[in-house]
Amino acid sequence: MIGVFDSGLGGLTVVKELLQKLPNYKILYFGDTARTPYGTKSAETVTRYAIENTEFLLEKGAKLIVVACHTVSSTAIPVLKERFKGVPFFEVVTPSFKKALQLTRKKIIGLIGTRTTVESGIYQRLFAEVDPEIKLIANPAPLLVPLIEEGWLNKPETRKIVKKYLIPLKMRGIDTLILGCTHYPLIKKVIAEKAGKRIKLVDPSEEVAESVYRYLEENSKLKEELLPNGEPEIWVSDLTPNFEKLATLFLKRKVTLHRVTW
Ligand code: DGL
């Protein structure tokens, strides 16, 4: 069983790829809707949530954990690995960084993400380590997660806000844009339109699914323990009005929600 978590809907962008790439594996998803958004909270709080989410998924039988959240990926991975020794963790920051590195020609890369992700400085450090010539222009985009959770995927207000967030990045001449929050692929069309044709977008969902696939291929012991797939099992910490509707729409299959009672 593959355990996946995020603060809400965003991680479903990774689930969609996992379902395509690994149709025979059962996916257990946890969306922490009661405590979303994560991106405005301190690294310490986000780490505490990430530990609790991991415990929940492991108790439910997950054998590996996909952290489908940039905010958690940029703040809590060392703690999670230390605390849950032996559990394979997959995160979203490293694949985004690698993909951006491959795509950029001008070495001017843009990043939009939550405040906590941008302020963690993780992307700045990763790029500086491999190529000090790379310029990373980062802009926190804190209004996007609530708009997406609200289902405002293509409203004029959302389009205007996206445009505003991208202006400083475009002015600095970025040729590649990291969608540094797993919610953002849900409004990829709007972002692509506002970014313009010359800017390549980095969404790591495919790469994450690919590395989980490779890991499972190489790890036959784990493979035998996994169950045949059904529908993804989706758990949330609060039954918010839009979640089921948006999840069904996005995953293009019927989604039944289970509510965690902690
Ligand atoms: N989708 C998550 C991320 O990638 C969380 C966003 C949030 O809850 O603020 O950062």
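Since every read-out is calculated from the coordinates, none of them should be taken as a lab result. What you see is a predicted model, and the numbers here were worked out from it, not measured in a lab. Every residue, glycine as well, gets a Cβ built from its backbone with ideal geometry; the counts of neighbours run over all protein chains shown.
Worth a mention:
- Of all residues making up the range 59-90, the number that are over 14 Å from residue 179 (Cα atoms), assigned to a loop (DSSP other than H, G, I, E, B) and of a type outside the set (A, V, I, L, M): 8
Per-residue answers, yes or no, for (1) touching a Phe, Trp or Tyr at 6+ places or on another chain (Cβ under 8 Å); (2) farther than 20 Å from residue 72 by Cβ; (3) part of a loop (DSSP other than H, G, I, E, B); (4) away from the ligand (no atom under 16 Å from the Cβ):
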site	(1), (2), (3), (4)
98	no, no, no, yes
118	no, no, no, no
133	no, yes, yes, yes
138	yes, no, no, no
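- With respect to (1) more than 15 Å from the ligand (Cβ to nearest atom); (2) within 23 Å of residue 33 (Cα to Cα); (3) assigned to a helix (DSSP H, G or I), the lone exception for residue 154 is condition (3).
- Qualifying positions in the range 159-187 - within 16 Å of the ligand (Cβ to nearest atom), within 15 Å of residue 199 (Cα to Cα) and out of contact with any Ser or Thr (no Cβ under 7 Å at 6 or more places or on another chain): 162, 165, 177, 179
- Some residue of the range 78-87 being in contact (Cβ under 8 Å) with a residue 12 or more places away in the chain, among the β-branched types (Val, Ile, Thr) and away from the ligand (no atom under 16 Å from the Cβ): yes
- Extreme residue, farthest from the chain's Cα centre (by Cα), among residues of the range 196-211 that are in contact (Cβ under 8 Å) with a residue 24 or more places away in the chain and surrounded by fewer than 22 Cβ atoms within 10 Å (Cβ to Cβ): 196
- Lone qualifier among 25, 49, 38 - being surrounded by 24 or more Cβ atoms within 10 Å (Cβ to Cβ) and either in a helix (DSSP H, G or I) or not small (Gly, Ala, Ser) (or both): 38
- Output for the range 175-197, where each listed residue is in contact with a Gly (Cβ under 6 Å, 6 or more places away or on another chain) and either outside any loop (DSSP other than H, G, I, E, B) or of a type in the set (A, V, I, L, M, F, W, C) (or both): 177, 180, 181
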